[in-house]
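Notes follow once the structure below has been shown.
The values are calculated or read from the model by the stated rules, or taken from the named source; none is laboratory data. Just so we're clear, the structure is a prediction, and the values are computed from it rather than from any experiment. Note that we place each Cβ from the backbone using ideal geometry, even for glycine, and neighbour counts take in every protein chain shown. Ligands, DNA and RNA are stripped out before the accessible areas are found, and what is left, the full protein with its side chains, is counted by its heavy atoms. Shrake-Rupley method; radii C 1.70, N 1.55, O 1.52, S 1.80 Å.
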Amino acid sequence: MTKQVIHNLGYPRVGPQRELKTALEQFWRGDSDAQSLRQTADTIRAARWQDQADAGVDLIPVNEFSLYDHMLDMSLLLGVVSPRFGDSASQDELTLFFRMARGDTDQPACEMTKWFDTNYHYLVPEFEPQQNFRIFSQKLFDEVKAAQAAGHSPKPVLVGPVSYLYLGKLRGEGDKLQLLEKLLPIYNDILDKLAGLGVDWVQLDEPCLGLDLDRNWQQAYDKAYNMLADCRVKILLANYFAGYGDNLELVKQLPVSGVHADAVRSHDEALQLAENWPEDKVLSLGVIDGRNIWRANLGQWLDELKPLKQEIDQQLWLAPSCSLLHTPIDLDNETSLDDELRSWLAFAKQKLNELGVLKQALSEGRRSVSFSLRDNMQAHAAREASERVHRADVIQRLQAITNKMTQRQNAFSKRSLAQVKALGLPLLPTTTIGSFPQTSAIRKARADFKHARSNETTYREAMQAEIKNVIERQDALSLDVLVHGEPERNDMVEYFGELLEGMITTQNGWVQSYGSRCVKPPIIFGDVHRPQAMTTNWINYAQSLTQRPVKGMLTGPVTILQWSFVRDDQPRSETCKQIALAIRDEVNDLESNGIKVIQVDEPALREGLPLKQAEQGAYLDWAVQSFKLATAGVEDSTQIHTHMCYAEFEDILEAITDMDADVITLENARSDSELLQSFEDFSYPNAIGPGVWDIHSPRTVPLIEMTDLLEQALKVVPAERLWVNPDCGLKTRGWDEIETNLENLVAAAKQLRELLMTDNSKTGTQATQVDKQAVTIRIHK
């Protein structure tokens with residue numbers, strides 16, 4: 001047998017200590033220049049390449065490193081720049097790149113949404129009906145040259161042409177598939193230029209092949225890859241996050257040099273691909289989980305791979321299941337984890353080492369890696385037998401769940417009347433989504449307490465001072481429902497991961513969410529339960545400072561599940577219900593403490609949806625039931641809110657309705673009210689707060705822009721069920737822009753409110769009648 005080839009689909013970008021985040025934010029603040037940013041990026045990129053080479057990776061991926069997002073890189077490479085950003089040829093490329101990513105005073109940023117079922121956000125390409133394509137950016141080719149100069153064998157990674165089109169949006173009338181004819185010649189030019197640089201293999205990522213595609217899109221793949229068949233490089237077609245499913249026969253016929261299959265998410269399909277595999281194609285199997293942090297079972301994989309190696313030999317390549325972008329970088333950076341838990345884990349660097357063990361075992365025999373295999377086997381056995389994983393009381397409580405526990409006492413139409421009476425809110429009530437700026441002083445106070453540089457009294461006083469500041473600012477702005485600002489929370493999921501049993505958090509387990517935004521997903525290793533109240537003291541203090549209602553702020557069970565690294569030894573649905581019971585206890589505690597508005601955020605509900613339609617119904621059933629289990633145990637007069645953002649929710653509106661939250665707040669401004677438009681055809685029965693301010697763009701939103709968005713909302717949402725709020729939380733924004741934007745937000749609501757209130761409406765009470773004609777009035781005229 002020949003030497004086993006291993007390769008990688010992608011690697012974390014941010015650096016072991018988030019060096020890229022620091023460099024980006026210094027550049028955006030004006031504290032450094034473009035040259036300094038590029039130098040830092042080059043250093044991180046070179047270290048990434050060397051990490052992979054040191055692990056024995058034969059083909060090093062290039063071009064999947066980005067200063068913000070790889071899809072935005074692809075748009076720049078192809079010259080896909082919306083006319084609203086001006087003439088691209090006359091602008092500095094880096095300036096244009098960040099204008100598209102973050103927006104500016106003249107233009108909002110490109111739409112941002114989730115990358116399939118991950119918590120990574122990509123920038124959506126904007127196509128014009130008469131879109132032209134050209135090679136614009138030289139980043140790809142410069143990186144190839146840099147990798148070659150460093151002595152590596154580069155494998156450029158590009159988003160494939162069909163997935164790129166599929167994931168973009170056409171601004172205007174027409175069919176974006178018609179753009180394929182113009183797009184493919186540019187891909188040919190790119191591949192030809194790479195061949196001229198001495199590149200042998202190119203990875204074209206086509207993750208849309210994991211979706212249920214209609215005939216037109218399937219034909220697009222056939223057309224695209226037949227047009228690329230004569231290029232001078234070898235194409236490795238890569239799909240991940242799901243199996244090929246009904247697209248499998250199509251893929252087998254495509255004229256490419258290799259195919260990658262996710263053998264973690266679609267184990268049986270991937271292994272069956274090897275049967276009668278053609279001698280002239282590479283089969284790349286993704287055998288190391290690129291989405292989770294548990295050690296692979298190397299002995300089990302070798303049992304399955306050895307006969308495949310004997311059958312197809314040099315045609316078999318091994319890789320992680322997907323890019324390792326979705327995992328932390330290096331377990332060695334975790335000095336606080338106990339030895340038992342550490343022995344169960346593998347981060348990106350360790351995953352490459354696991355891949356290296358498989359490579360050596362298949363090339364030289366198991367004896368050559370006997371120590372590694374024995375250590376791996378012992379770690380799996382120890383995890384399976386550990387008493388830390390299972391709790392009898394949690395299991396018993398799960399078994400005692402009844403349908404009644406997931407139902408509110410009365411329908412929204414009745415309980416909303418009780419909430420009007422209890423809360424006394426005006427028409428078009430204003431609120432925010434939860435968080436306020438996480439200043440350096442807040443972060444320092446939290447870090448000092450965490451590392452025992454200050455005591456609990458000092459920490460509590462610092463957090464209370466910040467809560468008082470936030471409440472006073474909101475009162476001064478005349479917001480109707482306030483929040484405490486979450487100064488005590490490092491992250492909306494990590495915070496609860498620190499307080500719930502059965503979960504642990506890391507020191508440096510950073511994963512990129514978007515741009516410079518990184519999160520540290522907790523690790524769910526065992527049965528989850530709540531040992532004590534987690535938020536009531538902070539919310540009670542905030543409520544004591546104001547006469548206005550203060551929202552209790554919680555993260556929902558589905559989002560905690562999705563934004564954590566989840567145990568893989570039981571169904572995700574069971575873990576989610578355990579979390580739901582813990583959140584239910586917190587909801588009930590908040591209510592018993594007099595908190596009458598409670599927000600349980602579920603931005604990850606859509607993200608968790610399986611890519612295959614056949615699997616989606618079952619997921620939505622248990623996901624919705626988990627949310628209801630967490631929230632349904634309150635009185636009618638207690639108002640339950642939830643929040644969702646940065647995903648395509650249009651196809652799960654029925655499930656969102658079934659959640660039966662009294663108020664749902666949605667990201668709307670960044671996506672140009674596309675989600676709101678879905679409510680024209682779908683009659684949502686409860687209250688809605690479509691965002692009027694894209695908080696990820698550092699710009700002041702004019703009053704006229706907010707009123708326009710509210711006018712659009714009033715065309716599809718009755719005024720008595722419409723809330724006014726930003727797209728998302730405000731932790732990443734500065735106070736100057738926050739106060740200006742919130743002033744405009746409150747002013748927009750007040751102007752509309754005055755037009756909509758009837759003569760017999762009473763100040764400070766919910767209007768019972770609405771002047772429907774006022775909906776069409778242009779506020780700014």
What is the dipole size for the stretch 187-253, taken about its Cα centre, with +1 at each Lys and Arg Cβ and -1 at each Asp and Glu Cβ, in debye to the nearest 20? 180 debye
Treating only Lys and Arg (+1) and Asp and Glu (-1) as charged, each at its beta carbon, one finds that the stretch 54-160 has a dipole about its Cα centre, in Debye to the nearest 20, of 120 debye
In whole angstrom, how far apart do the alpha carbon centroids of the stretch 149-195 and the stretch 225-300 sit? 20 Å
Between residue 684 and residue 547, what length in nm is gained on full extension when 0.36 nm per residue of separation is reduced by their alpha carbon distance? 46.2 nm
Could you tell me the calculated FRET efficiency between residue 42 and residue 128, based on Cβ-Cβ distance and R0 = 30 angstrom, to the nearest 0.05? 0.35
Based on the mean of other Cβ atoms within 10 Å per residue, sort peptides 349-362, 433-446 so the most packed one is first. 349-362, 433-446
List the relative contact order of the stretch 137-219 as a percent without decimals, with contacts defined as Cα pairs under 8 Å and 6+ residues apart. 42 percent
Taking a straight Cα-to-Cα line shorter than 28 Å from residue 21, and setting aside same-chain lysines fewer than 8 residues away, one finds 114, 139, 145, 155, 349, 351, 444, 450, 520, 731
Given all pairs of different Cα atoms, what value in angstroms does the Kirkwood hydrodynamic radius of the chain take? 27.6 Å
In degrees, nearest ten, helix 139-149 long axis to first principal axis of the chain (Cα): 40 degrees
Packing rank of 609-618, 385-394, 65-74, where each peptide gets the mean count of other beta carbons within 10 Å, highest leading: 65-74, 609-618, 385-394
Below 8 Å between Cα atoms, with a sequence gap of 6+, how large is the relative contact order for the chain in percent? 13 percent
Of 495, 519, 483, farthest towards positive along the dipole that unit charges on Lys, Arg, Asp, Glu beta carbons give the stretch 453-531: 519
Rank 469, 241, 560 by how far each Cα sits towards the positive end of the charge dipole of the chain (+1 on Lys, Arg Cβ; -1 on Asp, Glu Cβ) and give me just the farthest. 469
Once both axes come from the Cα atoms, what is the angle between helix 456-477 and the longest principal axis of the chain, in degrees from 0 to 90, rounded to 10? 60 degrees
Out of 168, 150, 183, whose Cα points farthest toward the positive end of the dipole of the stretch 145-192 (charges: +1 Lys, Arg; -1 Asp, Glu; placed on Cβ)? 150
Restricting the count to DSSP beta bridges whose residues both fall in the stretch 62-212, what percent are antiparallel, rounded to a multiple of 5? 35 percent
Note the angle between two axes, namely the Cα long axis of helix 412-423 and the longest principal axis of the Cα atoms of the chain, as a number of degrees from 0 to 90, rounded to the nearest 10. 60 degrees
Treating only the Cβ atoms of Lys and Arg (+1) and Asp and Glu (-1) as charged, compute the dipole magnitude of the chain about its Cα centre; round to the nearest 20 debye. 1000 debye
Once every DSSP H run of n ≥ 4 in the chain is given -39500 (n - 2.57) and the sum is divided by its residues, what mean residue ellipticity at 222 nm do you get, rounded to the nearest 500 deg cm²/dmol? -12500 deg cm²/dmol
For the chain, which whole-number percentage of the solvent-accessible area (1.4 Å probe, protein heavy atoms only) is attributable to carbon and sulfur atoms? 46 percent
